[in-house]
Protein chains: 2
Amino acid sequence: MSIIDHVTRRSFVRALTAMSGAVACESLTRVIMAAPSKNTQRIEEPMCKCESVMKPGNETILILIYPGFTSLDAIAPQHVFSSMIGAKVKFVAKTLDPVRCEGGFEIIPQLTFDQCPDSPTLLMVPGGSMGTLEAIKDRATVDFIRRVGGGASMAGSVCTGSLLLGAAGLLKGYQATCHWQLLELLPLFGAFPSTKRVVFDRNRVTGAGVTAGLDFALELVRFYRGDFYAECVELLSQYDPQPPFPRGGDPATANPAVVSFLNEMHQPFVKKTAEAIRKAENNQHSRS
Amino acid sequence: MSIIDHVTRRSFVRALTAMSGAVACESLTRVIMAAPSKNTQRIEEPMCKCESVMKPGNETILILIYPGFTSLDAIAPQHVFSSMIGAKVKFVAKTLDPVRCEGGFEIIPQLTFDQCPDSPTLLMVPGGSMGTLEAIKDRATVDFIRRVGGGASMAGSVCTGSLLLGAAGLLKGYQATCHWQLLELLPLFGAFPSTKRVVFDRNRVTGAGVTAGLDFALELVRFYRGDFYAECVELLSQYDPQPPFPRGGDPATANPAVVSFLNEMHQPFVKKTAEAIRKAENNQHSRS
């Protein structure tokens, strides 16, 4: 269920009118008309004079995907962003070939690096594990993030995606977060690690591990469209979370046996990632 | 970040040994060996004698996708299930052609209806809006759900996916849930609507709207693999949710203006869906 696709645009305008009681909302009408609809003709007459209860927009939101990315890091935000009427939300990759995620299935990208605007509203980078490590070593991917993330109004990440922002030099001097197991690596990029779930710092916004992408994206809907819009998206997504282990998703409060089990399991990966980052940083300094 | 892909299988076994202190765990060793790994040779010698702290398994989990499905309904569970070492988790569709979701991008299915086993561990059906309505009218899709969901050890759904389970006759006499805006339609299939977020009733398990797929899938990991495994997956996914509007995801506690706005907006869709269901049920009765 998303906000856009199963409601006639006419009923949407009606509901808006009912909610807000009638002042001109040309911008909304423009957005509604931009979307193809069999009701277009009837909507062309100005339907309502209303304040923008749900502010429409025309954001361009690019979500990078690369081999081995964690699907949920990217798709929870994609779902939330695609509720923003008028926004263009696109998956971007090096080519238009299907990209296999960490979970083993394939998504078809919608734009290549070359087809992207240089100054989108938001470039968002999901995380992963071995795939992210490979992406950090991939010059074309890091250059793309540097160019388009640097030119974007906002560059963001979920989970270990912040390691890619960091590798592109976009986190130097910024507060940022990451998956809890790799948070300690952020200073390698000159970033200041934060244990907050979603960290806004000027033109950077980073979310913690995997599921933080939901909170990250909803906070951004609030930022772009205001409270009422974000409340609508939250309720439509029925985001009333009930984790089986209520304090189990935060390493500070989770079962300590689980924390140490996972830390032991992942230690080799954390070490390997730190080495790759140090190597990439050294190469960059010797180039510059 | 998922449990399987960025950890050598050897380190996984080591961690298990460290955790549990050494009794035979042949079944785990078998599962680890079944997954390809460059460490296979070294793992073939029994590495540890340990209890199965994290119980391995060989579940077959099928997730139906169809045009217009809500990506997050399907992909949050896919992410969680793909952390179950040894489980086969596959997206299933009518053909192997890419399937466009409600959010506008395409996923490539992994199995066709004809390639599916008749008795999987779980068949899971995601929701959607207009796409779900079309799927309810599609004989091949409903027949597939009836056959494979009926033969599965468990048939499940997230969001309006329960309308598809219902249309396939799988919810008659069962407690079940749905997206909050369509919950009232479940009695049309002889089901008993529940406002719980995840509803287990014998061999059916249903989750509420969209984001409930996370809780749904974590509860199933607990069901299949036990508490410790599910706690690991919850912490690795850093599932410590912080919705921007803390009580905003439940219609009983959300901002009443938001609830009535969305209800007004979606009323035509709810009505249309009810009509389609009534028509499908009548056709079925007149056929039988």
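The values are calculated or read from the model by the stated rules, or taken from the named source; none is laboratory data. All of these numbers come straight from a predicted model, not from anything done at the bench. Quick reminder, even Gly has a Cβ in these numbers, built from the backbone with ideal geometry, and neighbours come from all protein chains shown. In case anyone asks, the SASA skips ligands and DNA or RNA and just uses the protein heavy atoms, side chains included. Shrake-Rupley method; radii C 1.70, N 1.55, O 1.52, S 1.80 Å.
Name the residue from B:ALA217, B:PHE228, B:ALA176 whose Cα lies farthest towards the positive end of the charge dipole of region B:157-236, charges +1 on Cβ of Lys and Arg and -1 on Cβ of Asp and Glu.
Of the listed residues, the answer is B:ALA176.
Please label the shape of region A:156-288 as rounded, prolate or oblate, based on the square roots a ≥ b ≥ c of the eigenvalues of the alpha-carbon gyration tensor (a/c under 1.5 means rounded; beyond that, a/b larger than b/c means prolate, else oblate).
The shape class here is oblate.
Please give the contour-minus-distance gain from B:ARG139 to B:GLN267: 0.36 nm per residue of separation, less the Cα-Cα distance, rounded to one decimal in nm.
43.5 nm
Can you give the accessible area of A:ARG139 in Å² (nearest 10), computed on protein heavy atoms with a 1.4 Å probe?
A:ARG139 has an accessible surface of roughly 130 Å² with all protein chains in place.
Could you pull out every residue, at least 5 positions away or on a different chain, whose amide H is within less than 5 Å of the one on B:MET124? Hs are placed 1.01 Å off N in the peptide plane, and Pro or chain starts have none.
Sorted by chain and number, the residues that satisfy this are B:LEU62, B:ILE63, B:LEU64, B:GLY156.
How far apart, in nm, are the 7 Å Cα→Cβ label points at B:ARG202 and B:SER153?
Those two pseudo-labels are separated by 1.8 nm.
I need the peptides B:65-77, B:106-118 ranked by packing, meaning the mean over residues of other C-beta atoms within 10 angstrom, with the highest value on top.
Sorting B:65-77, B:106-118 by mean packing, highest first, produces B:65-77, B:106-118.
Mind checking the full-extension length gain between B:GLU275 and B:ASP227? Use 0.36 nm per residue of separation minus the Cα-Cα distance, one decimal, nm.
Extra length from B:GLU275 to B:ASP227 when fully extended: 13.0 nm.
With respect to the cross-link table entries A:LYS94/A:LYS137; A:LYS94/B:LYS94; B:LYS137/B:LYS196; A:LYS88/B:LYS94, which display a Cα-Cα separation exceeding 25 Å?
Beyond 25 Å: A:LYS94/B:LYS94; B:LYS137/B:LYS196; A:LYS88/B:LYS94.
With θ set to phi - 60°, apply the Karplus curve 6.51 cos²θ - 1.76 cosθ + 1.60 along region B:135-149 and write out the HN-Hα couplings as whole Hz, x wherever there is a Gly or Pro.
Calculated HN-Hα couplings, in order: 5, 4, 8, 8, 4, 4, 5, 5, 4, 4, 4, 4, 5, 7, x Hz.
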